[in-house]
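Worksheet: one structure, shown below.
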Amino acid sequence: MSKERRLRWYLARATRFYRRDLAKARKENADKDARDELQHGYWAETDELQQELEALRTERLVRQAHWLNVLYSPIPWHSEEQRNDYWVQGSMTGKWYLTAKGHHEVETAIWAKMKARHEVRALWIPWIVAITAFITAVGGVVGALIGLFSILKK
């Protein structure tokens, strides 16, 4: 099982348990403090999982950006703050991950780079088709000549 799938499974499991416990607390007419305690426990458990998932997603995106040689905003390692417009440092994990704006910026840059690469490759397609057609035609002419010479030889 992949790490992402395992984290998603744990997150779904925690959510399922929280919903079950909250429904049980409501059924038993638990006071607001008890329900708030359940909510805070759920947040404490799922925040770490969410941050791990975001860090994994960011790691994959940054790896792809490096492979394509795409520039993106750097991680603010030496900043006093734990976030900026593009990066957030997880409070539970301490790992840096991209914000929604950061993801959008990096993904847009990656797609632009991939599109440019495909457009360069697309320029060669008409030439490849023309050369293939020419080779096929030459092969047909050679085959016809060989057939003609074999008939004339007899």
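A few notes on this one:
- Modelled spin labels at Phe17 and Asp31, positioned 7 Å past Cα toward Cβ, are 2.6 nm from each other.
- Relative contact order %, region 3-84, counting alpha carbon pairs below 8 Å whose residues are six or more apart: 34
- Here region 1-53 is treated with +1 on each Lys and Arg Cβ and -1 on each Asp and Glu Cβ, and its dipole about the Cα centre works out to around 480 debye.
- The chain, relative contact order [Cα under 8 Å, separation at least 6], %: 18
- Among 65-75, 24-34, 48-58, sorting by the average number of other beta carbon atoms lying within 10 angstrom of each residue, highest first, gives 48-58, 65-75, 24-34.
- Span from the region 83-110 Cα centroid across to the region 11-80 one, whole angstrom: 14
- Space enclosed by the convex hull of the alpha-carbon atoms of region 81-154, per residue, Å³: 116
- Solvent exposure of the chain, expressed per residue, is 78 Å² of accessible area, with all protein chains present and a 1.4 angstrom probe.
- Surface composition of region 109-153: carbon plus sulfur atoms hold 81% of the accessible area, using a 1.4 angstrom probe and ignoring ligands, DNA and RNA.
- Projected onto planes of every orientation and averaged, the convex hull of the alpha-carbon atoms in the chain covers 18.3 nm².
The values are calculated or read from the model by the stated rules, or taken from the named source; none is laboratory data. Quick caveat: nothing in here was measured; it's all calculated off a predicted structure. Every residue, glycine as well, gets a Cβ built from its backbone with ideal geometry; the counts of neighbours run over all protein chains shown. We work out accessible area using only protein heavy atoms, side chains counted, and drop any ligands, DNA or RNA first. Shrake-Rupley method; radii C 1.70, N 1.55, O 1.52, S 1.80 Å.
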